[in-house]
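As structure tokens, the structure follows; a few thoughts come after it.
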Amino acid sequence: MIDSITLSTIYSSDQLDYNSLMESKETNMKFEVYQIQLPEWMYNEINRLGHAKAAESFSTYKAHLDTTMGKWNPIHRAMYTKVATVQANSLEDVFRIGNIGPYEDGDESIEQHTPMHSISVGDLVRDEDGVWFFCERMGWTIVFVETKIKDFAA
């Protein structure tokens, strides 16, 4: 018996409005930050091969290049690693904390799970309700929403 199942629905940027969605949510939520992390050995290969050849050779590097240019593809989702959890009031707050840091010394609004770079274009952020956002050059795009189905029996 399965207690719950998570379904992901992929949305285009014009289907959901971020501001309307955030107005209906409570403030001070936990957000998870996901980034594509390249293994150390790959940097030498990128330098040896050059960007174009490295992108042909390594799908993770290709995904990294695409997403940092603002090109979202749902297949890239599997290449992301959860790097931090941020306690914040909005995505703008998550972005600020992920770039500048907490408001005050001793503020524990960010918990790093693994080394990370500052939040930037191509990163994913998931809110408590399972809404996933892609960091664009300006703003955020909702890329998918998890839906829980409870009491699902096989």
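Some observations on this one:
- Once the Cα-Cα distance is subtracted from the 0.36 nm per residue extended length, the M69 to T114 segment shows a gain of 13.9 nm.
- Residue order, fewest to most surrounding Cβ atoms within 10 angstrom, among Y80, Y43: Y43, Y80
No value in this document is a laboratory result; all are computed from the given coordinates. Fair warning: this is a prediction, and the values are worked out from it, not measured in the lab. Ideal geometry is used to build each Cβ from the backbone, glycine not excepted, and the neighbour counts take in all protein chains shown.
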